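Read the structure below first, then the notes.
The values are calculated or read from the model by the stated rules, or taken from the named source; none is laboratory data. Keep in mind that this is a model prediction, so the values were computed, not measured. Using ideal geometry, Cβ is built from the backbone for each residue, glycine included, and neighbour counts are taken over all protein chains shown. Just so you know, the surface numbers come from the protein's heavy atoms only, side chains and all, with ligands and any DNA or RNA stripped out. Shrake-Rupley method; radii C 1.70, N 1.55, O 1.52, S 1.80 Å.
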Amino acid sequence: MSEACSSCSSAGTCTTDSCSNEPKMTEAQKVNHIHKVIAVMSGKGGVGKSSVTSMLAISLKRQGYKVGILDADITGPSIPKIFGVKGKANGSEAGLIAPKSRSGIKVMSLNLLLENEDDPVIWRGPMIAQLVNQFWKDVIWGDLDYLLIDLPPGTGDVPITVFQSLPVNGTIVVTSPQALANMVVRKAVKMAQKYEPPIYGLIENMAYVQCPDCNKRIEIFGKPKGQTEAQRNSIPYLGELPIDPVLAALSDDGKLEDYQSSAFDQIAEHLAEEIKKNSAMN
Ligand code: ADP
C-alpha cells in the first residue's frame, strides 16, 4: 500500500534496522494485513454516518469478509454502543487488541480505552488526530478484508489526518435530506476530492418513512435529493435508506447485528460494484 523506502529501497514502510528512513513499522503494523480501507464521512452530525458504517460492516461480514471498524469519531464515539462491545480493550507488547463484536467484527474506539464510557474527551484537534493515527499504527487488527473508518462529521483535523496519513482506498459520503440543504455535503465531497482516493458514492439516509399501516412512503423532510446531489458532484449514487424505528431501537440496545434491511442490501450491492470498478482501474 505504501511506496518503497527511498533510502534503502525495501518495499512498503521500511523495517530495515540499518535504514534511517522514518517512520518505522510498528509491531502491530508488522502483523496487520489490511486489504481495503474505506472512510465514511458526512458533512454534519446526526445524519446516520455511524449507523451506515456499522450496517456496511455487518453486510460485509455476512458476505464472509473479515471486517474491522476504526471509530475515528473520537469526541462522539458510538460504534461500541451500536455493537454492544463493552469493557476496556486489552493490550499486549505488540499493541492494543481490537475486541470483536458478536458476529466477529473488530472494533477500536476511544470509548474502549476510557475508565468510564461517559467521560468526555476534552482534547484539542491535533491530539485527537494523533490518536486516530495510533489506532492505525498501534492496534492489532490482524488480517482484514475491509477496515471501515467512521470519521467525525465535517472537514476538520481528523478527516485531514486520515486522508493524509492512512492508505485510504475509497470514501463513502452519508447524508440526509435536511442536511443537503446546508451545502455541507458539497464541502465534504470537495474535501475528499482533494485527496487521491476515489469517492465510491453517496448514501442518503432517513430519506422517507414507510407507513406501517398503509405502506405509504412519507417524505417527512421533503423530496430526497441524494441522486441529484450525487450527479451535481459527479459521484455515484449508492441509494437511500428509510427512517426505521427498528434500526434505532436495535442500535440503542447494542444489537444492530440483528437488523435486516433490503434497502441496505441494495446499497451494499451498488457499493461492491463501485469498489470493483475502482479496483480494476487501479
Ligand atoms: P452520525 O454518526 O451521523 O452522528 P448516527 O449514526 O449516530 O449519526 O445516528 C444518529 C441517531 O439516529 C442514532 O440514534 C441512530 O440510531 C439514529 N438513526 C440513524 N439512521 C437511522 C435510520 N435510518 N432510521 C432510524 N434511526 C436512525
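Among the residues making up the stretch 50-64, those that are open to solvent by 10 Å² or more (accessible area, probe 1.4 Å) and within 15 Å of Ser176 (Cβ to Cβ) are Ser50, Ser51, Met55.
Only one entry of Asn215, Asn205, Asn233 meets the criterion of being within 21 Å of Leu56 (Cβ to Cβ) and more than 18 Å from the chain's Cα centre (by Cα), and that entry is Asn233. Scanning the stretch 211-232 for residues that are touching a residue at least 24 places away in the same chain (Cβ under 8 Å), touching a Lys or Arg at 6+ places or on another chain (Cβ under 8 Å), within 14 Å of the ligand (Cβ to nearest atom) and not aromatic (Phe, Trp, Tyr) turns up nothing. Within the stretch 50-71, is there a residue that is of a type in the set (Lys, Arg), in contact with a Ser or Thr (Cβ under 6 Å, 6 or more places away or on another chain) and near the ligand (Cβ under 8 Å from one of its atoms)? No - not one qualifying residue is present in the stretch 50-71.
Looking at this structure, is Ile243 within 14 Å of the ligand (Cβ to nearest atom) and at pLDDT 95 or above? Here the answer is yes, as Ile243 does meet what is asked.
Screening the stretch 196-221 for residues that are among the polar types (S, T, N, Q) and closer than 25 Å to Ser54 by Cβ and picking the one that is least open to solvent (accessible area, probe 1.4 Å) gives Asn205.
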